[in-house]
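The values are calculated or read from the model by the stated rules, or taken from the named source; none is laboratory data. Fair warning: this is a prediction, and the values are worked out from it, not measured in the lab. Neighbour counts run over all protein chains shown; Cβ positions are idealised from the backbone, glycine included.
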Amino acid sequence: MSTNIVWHEATVTKEDRRRRNGHHSGILWFTGLSGSGKSTIANAVSKKLFQLGIQNYVLDGDNIRHGLNKDLGFSAEDRTENIRRIGEVAKLFVDSGQFVLTAFISPFAQDRQLVRSLVEEEEFIEIYVKCPLEECEKRDPKGLYRKARNGEIRDFTGIDSPYEAPISPELIIETDRYSIEECADQVLAYLRQKHFIKGDGSYGV
Ligand SMILES: Nc1ncnc2c1ncn2[C@@H]1O[C@H](COP(=O)(O)OP(=O)(O)OP(=O)(O)O)[C@@H](O)[C@H]1O
Ligand SMILES: [Mg+2]
């Protein structure tokens with residue numbers, strides 16, 4: 001652990017930034033099986049928020065693993081460290097007054113809980129992207145399930161690595177029942193209902 005490191009308080013605060021932006025900031029944490037639609041929905045929501053003038057950014061699994069977390073694999077230990085780092089990065093986005101949309105399988109409840117504990121209560125919105133394994137496997141957008149079934153990939157979530165579904169997420173999105181557009185609108189509706197954004201995209205909290 002580092003010593004002699006002192007936290008420097010920011011001159012421009014999170015509240016200042018939110019007031020300027022005219023909306024709340026927080027983490028929209030999408031969790032679900034591979035192929036459930038996390039990236040698809042996160043990007044659809046991001047576009048809608050952008051069009052409303054709401055500051056936001058998507059952090060996506062594969063992209064982060066190309067850079068920040070390229071030293072990490074898929075063992076339980078590495079998955080935990082992967083999520084911990086993403087949580088810390090996401091927290092910086094919240095502090096910067098933006099919504100950050102994260103699209104990671106994040107299969108372990110304990111890891112998601114750790115991220116939740118990093119920020120304030122109204123800042124962590126867990127979105128369970130729910131879709132039956134059979135449907136995800138049928139979609140197989142990256143051909144990963146086929147590889148996992150063939151034994152070419154190990155520790156694959158849903159096949160030979162567990163997925164712990166959220167017990168009380170803020171939101172459940174069922175991507176086998178609703179269209180991409182409808183799923184994205186459900187997220188927007190939640191943000192409006194909580195007054196994190198206003199109906200017309202102007203002032204929120
Ligand atoms: N209602 C829906 N919502 C989201 N995706 C859908 C829906 N209906 C069909 N799809 C399709 O399902 C696939 C979901 O793939 P996507 O890459 O978004 O999953 P993911 O959860 O990000 O997976 P991974 O963890 O591997 O990155 C896409 O091909 C998308 O077009
Ligand atoms: Mg994805």
- Residues located in the range 164-187, provided they are buried (at least 18 other Cβ atoms within 10 Å of the Cβ) and under 11 Å from LEU33 (Cβ atoms): THR175
- Mind listing whichever residues of the range 77-115 are touching a residue at least 24 places away in the same chain (Cβ under 8 Å) and among the basic types (Lys, Arg)? ARG79, ARG84, LYS91, ARG112
- Task: Pull up the range 166-201, narrow it to residues that are assigned to a helix (DSSP H, G or I) and of a type in the set (Val, Ile, Thr), then point me to the one that is farthest from VAL58 (Cα to Cα).
- Result: ILE180
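Can you find even one residue in the range 135-151 that is more than 10 Å from ligand 1 (Cβ to nearest atom) and in a strand (DSSP E or B)? Even if it seems obvious, please write down each step before you answer.
First pass over the range 135-151, keeping only residues more than 10 Å from ligand 1 (Cβ to nearest atom): 137, 143, 146-151.
Going one step further and asking which of them are in a strand (DSSP E or B), we end up with none.
Looking through the range 135-151, none of the residues is more than 10 Å from ligand 1 (Cβ to nearest atom) and in a strand (DSSP E or B).
Which residue, of VAL6, VAL119, is of a type in the set (A, V, I, L, M), away from ligand 1 (no atom under 16 Å from the Cβ) and either touching a Ser or Thr at 6+ places or on another chain (Cβ under 7 Å) or modelled with pLDDT of 95 or more (or both)? It would help to see each step written out before you state the result.
Values: VAL6 fails: either touching a Ser or Thr at 6+ places or on another chain (Cβ under 7 Å) or modelled with pLDDT of 95 or more (or both).
After ruling out the rest, the residue left standing is VAL119.
Yes or no: the range 7-14 includes at least one residue that is buried (at least 20 other Cβ atoms within 10 Å of the Cβ), touching a residue at least 12 places away in the same chain (Cβ under 8 Å) and under 18 Å from LEU92 (Cβ atoms). Working first, answer last.
To start, the set of residues in the range 7-14 that are buried (at least 20 other Cβ atoms within 10 Å of the Cβ) comprises none.
Checking the range 7-14: not a single residue is buried (at least 20 other Cβ atoms within 10 Å of the Cβ), touching a residue at least 12 places away in the same chain (Cβ under 8 Å) and under 18 Å from LEU92 (Cβ atoms).
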- Task: Determine whether the range 75-84 contains at least one residue that is within 15 Å of ligand 2 (Cβ to nearest atom), within 26 Å of TYR178 (Cβ to Cβ) and not aromatic (Phe, Trp, Tyr).
- Result: no
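Could you please find all residues in the range 95-128 being within 15 Å of ILE27 (Cβ to Cβ) and touching a Leu at 6+ places or on another chain (Cβ under 9 Å)?
Taking the range 95-128 as the starting set, the residues that turn out to be within 15 Å of ILE27 (Cβ to Cβ) are 95-104, 106, 111-128.
PHE99, VAL100, LEU101, THR102, ALA103, PHE104, PHE124, ILE125, GLU126, ILE127, TYR128 - these are the residues of the range 95-128 that are within 15 Å of ILE27 (Cβ to Cβ) and touching a Leu at 6+ places or on another chain (Cβ under 9 Å).
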- Scanning the range 1-45 residue by residue, the ones that are farther than 23 Å from LEU191 by Cα and within 16 Å of ligand 2 (Cβ to nearest atom) total 3
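If you check LEU114 against the conditions, is it in a helix (DSSP H, G or I), in contact with a Lys or Arg (Cβ under 8 Å, 6 or more places away or on another chain) and at pLDDT 95 or above? Spell out how you get there, then give the answer.
Working: in a helix (DSSP H, G or I): yes; in contact with a Lys or Arg (Cβ under 8 Å, 6 or more places away or on another chain): yes; at pLDDT 95 or above: yes.
For LEU114, the condition - in a helix (DSSP H, G or I), in contact with a Lys or Arg (Cβ under 8 Å, 6 or more places away or on another chain) and at pLDDT 95 or above - is met.
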- Would you be able to tell me the number of residues in the range 96-111 that are surrounded by 22 or more Cβ atoms within 10 Å (Cβ to Cβ) and either assigned to a helix (DSSP H, G or I) or aliphatic (A, V, I, L, M) (or both)? 5
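Can ILE54 be described as more than 10 Å from ligand 1 (Cβ to nearest atom) and either within 13 Å of the chain's Cα centre (by Cα) or at positive phi (or both)? If you could, list the steps in order and put the result at the bottom.
Details: more than 10 Å from ligand 1 (Cβ to nearest atom): yes; either within 13 Å of the chain's Cα centre (by Cα) or at positive phi (or both): no.
When the stated conditions are applied, ILE54 does not pass them.
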- Here the residues within the range 53-73 that are surrounded by fewer than 16 Cβ atoms within 10 Å (Cβ to Cβ) and in contact (Cβ under 8 Å) with a residue 60 or more places away in the chain are GLY53
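From the set of residues in the range 23-51 that are more than 16 Å from ligand 1 (Cβ to nearest atom) and outside any loop (DSSP other than H, G, I, E, B), which is nearest to GLY97 (Cα to Cα)?
Filtering the range 23-51 down to residues more than 16 Å from ligand 1 (Cβ to nearest atom) leaves 23-27, 49-51.
Of the ones still in play, those that are also outside any loop (DSSP other than H, G, I, E, B) are 26-27, 49-51.
Details: GLY26: 8, ILE27: 11, LEU49: 14, PHE50: 14, GLN51: 17 Å.
Residue satisfying both the conditions and the ranking: GLY26.
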- Query: Hey, does the range 64-79 have a residue that's within 20 Å of ILE125 (Cα to Cα) and out of contact with any His (no Cβ under 6 Å at 6 or more places or on another chain)?
  - Reply: no
